[in-house]
C-alpha cells in the first residue's frame, strides 16, 4: 500500500509474516527507536516537538538504515495522524497533487491531520519541490522529508527554510545488538517463535559489520536464523561462524556526492595537516576502495601542499602536482601509487600555513573597504608624470631598481602605512625565509 496508516485505527494493525524482519520490527514508539539519542533523548527539541504535537515540516538526513522512514512513521503513530508516503525516485507532480487533495479532504471532512512523507526528497526537481510550498504554509499537510544527502546542498532553499533539519547518525553497535536481541525475543513480530541461542560474539559481529545500518543487521540475522538447521534439541545455534557467513563483508558507507564523501575527504586532509601518515593512508584507501574520483583526491593534495605545508617545504607542491600528472599518465590501478607517495610526503613534511594566513589578512582589509592607493613612485611612468603635474608631494620620489643594489635589495616603501601581513614560521625551509625577512625589515626601520 502507498500509505502505512490511512486512519488512526490502523495503528493496531498486525504484522505481516511475509514481510522482511526489518519491516516487521519497525519501531512503534519513540522508545523503540534505536540510537539517535542526540535528537530523541528526553528534553531534546525533536522529542519535545513530537510529544507536544508542535511541529510543521521536518527533514531527516543521514546514512541508510539509520531510521529516517521509521522515525516518520513513529511520528504519525505518536500524533495520531494519517500517513501518506511518496518516493522521490518514482513520484511525479500529479501524484503529489493527488496526495495533497486527499489530505485536504480528510482535514475538511474529519478534521484529521495528514503527514506527507517523501523519501529521497533530494531526487525531486525544483518544480516538484515547489509544488509542496503553498500547501505546507497553509497547513494542508505536515511535510517530512528524508534524504541521505545534506539538504543544505541538495534540497531547494525555500523548502529548507520552512523545515527543521535533523541529522541522523549511524546507530551505535550496542544499540544495534539490542534491536537484534529484541527481534530474537519477539514471538509476534520477530523470530521469537524459533528457539535460537545467539552467542554474544555473533551478534556483535553482525552489528559491527552492518556499519550502523539496523536494516542490514536484521536482514543478516533473519538469514542466519532461518537458514541454520536446528541442533538435536531443536535449537538454532547462532555462532560467530554462522554470523560471518551471513554477512560476507563490511560494506564501505560512501556516497560519492553525500556526507560520507565530504566527511572522508575532510578526515584525509586533516590527517595530512596533523602529520599522521597512517591515518591519511587509511582514508585514501577508503576513498579509492569506494570508487572516489582519484582526480578529486589529487586536486585536494595540491591544495593541501600550499595551504598546510606551504613555504616550510615548497617542494611539496611540486610532489603533489607530479602525483596528479602521474595519475593522468598511469590511470588505475597503478595511479594509486603516486597518490600514496604524495600523501605520505605531505603528511610527514614540515607544516606552515603562513602564506595562506597572510592572504586571508590582506583579503580582510580589501573586503573591509580599506583599499590603499598605489604609491606614486610605484605607478607606471605615465601615471607618475600625471601625479607630479598635479602636485602630489610623493610624486617626485624615484623608484629604486632592486637589482642595482647589493644583495638585490634596497629599502623603499611598497605599501602605505607599513602594514605587515606575512609572518614566517619556524618550520623547515621557512626558518631561512624568516632570517632574510627579519634582516630586510630591520633595514627598512633604520633607513
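The values are calculated or read from the model by the stated rules, or taken from the named source; none is laboratory data. If you're wondering where the values come from, they're calculated on a predicted model, not measured in any experiment. In this analysis, Cβ positions are derived from the backbone assuming ideal geometry, glycine residues included, and neighbour counts consider all displayed protein chains.
Out of the residues in region 416-426 meeting the condition of being surrounded by 11 or more Cβ atoms within 10 Å (Cβ to Cβ) and at pLDDT below 80, tell me which one is farthest from residue 437 (Cα to Cα).
Checking each candidate, the answer is 416.
Inspect region 208-224 for any residue being over 23 Å from residue 27 (Cβ atoms), assigned by TED's automatic domain parsing to the domain that holds residue 180 and at pLDDT below 90 and give the result as yes or no.
Within region 208-224 (the criterion being over 23 Å from residue 27 (Cβ atoms), assigned by TED's automatic domain parsing to the domain that holds residue 180 and at pLDDT below 90), the answer is no, since none of the residues qualifies.
Can residue 56 be described as in contact with a strand residue (DSSP E or B) (Cβ under 7 Å, 6 or more places away or on another chain), under 20 Å from residue 166 (Cβ atoms), in a loop (DSSP other than H, G, I, E, B) and not assigned by TED's automatic domain parsing to the domain that holds residue 218?
Yes: the conditions hold for residue 56.
Which one of 60, 83, 124 is under 23 Å from residue 218 (Cα atoms) and buried (at least 20 other Cβ atoms within 10 Å of the Cβ)?
On inspection, the qualifying residue turns out to be 60.
Would you point out the residue of region 311-332, among those that are within 27 Å of the chain's Cα centre (by Cα) and closer than 12 Å to residue 294 by Cβ, that is modelled with the lowest pLDDT?
332
Which residue is modelled with the highest pLDDT, if the candidates are limited to region 230-253 and must be assigned to a loop (DSSP other than H, G, I, E, B) and within 29 Å of residue 211 (Cβ to Cβ)? Break it down stepwise before answering.
So in region 230-253, the residues assigned to a loop (DSSP other than H, G, I, E, B) come out as 230-235, 239, 247-253.
Now drop any that are not within 29 Å of residue 211 (Cβ to Cβ), which leaves 239, 247-253.
Values: 239: 90, 247: 78, 248: 67, 249: 53, 250: 49, 251: 49, 252: 59, 253: 60.
Across region 230-253, the extreme among qualifying residues is 239.
So if I check each of 337, 303, which one is assigned to a helix (DSSP H, G or I) and more than 25 Å from residue 154 (Cβ to Cβ)?
Only one candidate passes the filter, namely 337.
When you look at residue 179, is it touching a helix residue (DSSP H, G or I) at 6+ places or on another chain (Cβ under 7 Å), crowded, with 16+ Cβ neighbours inside 10 Å, in contact (Cβ under 8 Å) with a residue 12 or more places away in the chain and not in a helix (DSSP H, G or I), yes or no? Let's see the steps before the verdict.
Numbers: touching a helix residue (DSSP H, G or I) at 6+ places or on another chain (Cβ under 7 Å): yes; crowded, with 16+ Cβ neighbours inside 10 Å: yes; in contact (Cβ under 8 Å) with a residue 12 or more places away in the chain: yes; not in a helix (DSSP H, G or I): no.
When the stated conditions are applied, residue 179 does not pass them.
Restricting region 207-229 to residues that are in a helix (DSSP H, G or I) and touching a strand residue (DSSP E or B) at 6+ places or on another chain (Cβ under 9 Å), which is nearest to residue 21 (Cα to Cα)?
Per the criteria, the residue is 221.
Going by what's in this entry, would residue 386 be described as at pLDDT below 85, out of contact with any helix residue (DSSP H, G or I) (no Cβ under 8 Å at 6 or more places or on another chain) and either surrounded by 14 or more Cβ atoms within 10 Å (Cβ to Cβ) or not assigned by TED's automatic domain parsing to the domain that holds residue 271 (or both)?
Working: at pLDDT below 85: yes; out of contact with any helix residue (DSSP H, G or I) (no Cβ under 8 Å at 6 or more places or on another chain): yes; either surrounded by 14 or more Cβ atoms within 10 Å (Cβ to Cβ) or not assigned by TED's automatic domain parsing to the domain that holds residue 271 (or both): yes.
Yes; evaluated as a whole, the condition is true for this residue.
Would you check which residues across region 141-171 are crowded, with 19+ Cβ neighbours inside 10 Å, over 17 Å from the mean Cα position of the chain (by Cα) and either assigned to a loop (DSSP other than H, G, I, E, B) or not assigned by TED's automatic domain parsing to the domain that holds residue 35 (or both) and list them?
141, 156, 163
Assess whether residue 202 counts as being surrounded by 15 or more Cβ atoms within 10 Å (Cβ to Cβ), touching a residue at least 40 places away in the same chain (Cβ under 8 Å), touching a strand residue (DSSP E or B) at 6+ places or on another chain (Cβ under 7 Å) and not in a strand (DSSP E or B).
In short, yes.
How about region 348-375: which of its residues are part of a loop (DSSP other than H, G, I, E, B) and modelled with pLDDT of 90 or more?
We begin by selecting, within region 348-375, every residue part of a loop (DSSP other than H, G, I, E, B); these are 349-353, 368-375.
Passing the criteria: 349, 350, 351, 352, 353.
So, residue 104, is that one closer than 22 Å to residue 138 by Cβ and in contact (Cβ under 8 Å) with a residue 60 or more places away in the chain or not?
no
Please state which of the following conditions residue 194 fails to meet, knowing it meets all the rest: (1) closer than 22 Å to residue 41 by Cα; (2) modelled with pLDDT of 90 or more; (3) part of a loop (DSSP other than H, G, I, E, B).
Result: residue 194 fails condition (1) only.
Looking at 48, 104, 97, which is the one that is assigned to a helix (DSSP H, G or I) and touching a strand residue (DSSP E or B) at 6+ places or on another chain (Cβ under 9 Å)?
Of 48, 104, 97, the one residue that is assigned to a helix (DSSP H, G or I) and touching a strand residue (DSSP E or B) at 6+ places or on another chain (Cβ under 9 Å) is 104.
Within region 50-75, how many residues turn out to be under 22 Å from residue 171 (Cα atoms) and in contact with a helix residue (DSSP H, G or I) (Cβ under 9 Å, 6 or more places away or on another chain)?
15
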